[in-house]
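Data first, discussion second: the structure below is written as structure tokens.
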Amino acid sequence: MPLSDLMTGLMVMFLLIAVCYMIRVEGDAGRIKTVAVTYSETRDALYEELRKEFSADLPKWHAQLIKADLTLRFSEPDILFSPGSSELKPAFKDILGDFFPRYVRILRSPKYRDAISEIRIEGHTSSDWTGGASPDDAYLHNMELSQARTRSTLLYVLMVPQVRGDLDWLRRLVTANGLSSSRLILDASGKEDAARSRRVEFKIRSDAETRIEKILEVTR
């Protein structure tokens, strides 16, 4: 076979491989776009339901609903815990007893339950610690404290009588995550807002991330 024919054959083969790869990549991109659009629509609809359910309560709870990542943030330290303590204050227990069953009712509804992969309870602290601790020691002490606080919150909400029938579902999805001072809230000048940084958040993680990761794994 002439060398020119061999080279032509190789070029055609490589071209076919390239075309097949491009088709596959475009197909995966289309699938990712579909997942992203579905996630966006679900997030918007869920946000609206949460907003309608809790809008009247958020001011008195000193809470905030954040659309971007479906976070419900409780950020009034005087209501949540005493300084250095992981024991829920009575006022926070009352709030959780009112909030959590209504929250679960929405998330557990047929419209959303299959789209949720995790319900995260996150505990956050300021960077402060008593006793003149170094920044490293303060971070570690606050990590221990934030983890203890999220465990206390998790244990309490799972014991609320109205959600006892949902325990199997909740155990698969609810996690407690103490993050110390790793995600501080800053004021307008860019400085740490210590009071607002001390907070408890309920976050919803969609299954969209998992589905996109699986698509990307196939393309590698």
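The values are calculated or read from the model by the stated rules, or taken from the named source; none is laboratory data. Computed from a predicted structure; not experimentally measured. With ideal geometry, Cβ positions are generated from the backbone for all residues, glycine too; neighbour counts draw on all protein chains shown.
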request  = Please specify each residue of the stretch 154-186 satisfying the condition of being more than 23 Å from Ser109 (Cα to Cα) and surrounded by 15 or more Cβ atoms within 10 Å (Cβ to Cβ).
outcome  = Asn177, Gly178, Leu179, Ser180, Ser181, Leu184, Ile185
Close pairs (9 angstrom Cβ cut-off, 6 or more residues apart or separate chains): over 21 Å from Pro83 (Cα atoms) in the stretch 183-196, surrounded by 11 or more Cβ atoms within 10 Å (Cβ to Cβ) anywhere = Asp187/Asp193; Asp187/Arg196
inquiry  = Every residue in the stretch 29-71 that is under 18 Å from Ile119 (Cα atoms) and modelled with pLDDT under 90, please.
reply    = Tyr39, Ser40, Thr42, Arg43, Asp44, Ala68, Asp69
Within the stretch 58-84, tally of residues that are under 15 Å from the mean Cα position of the chain (by Cα) and of a type in the set (Ser, Thr, Tyr) = 1
key: Of residues in the stretch 140-153 being within 17 Å of Pro77 (Cβ to Cβ) and of a type in the set (A, V, I, L, M), the one surrounded by the most Cβ atoms within 10 Å (Cβ to Cβ)   = Leu145
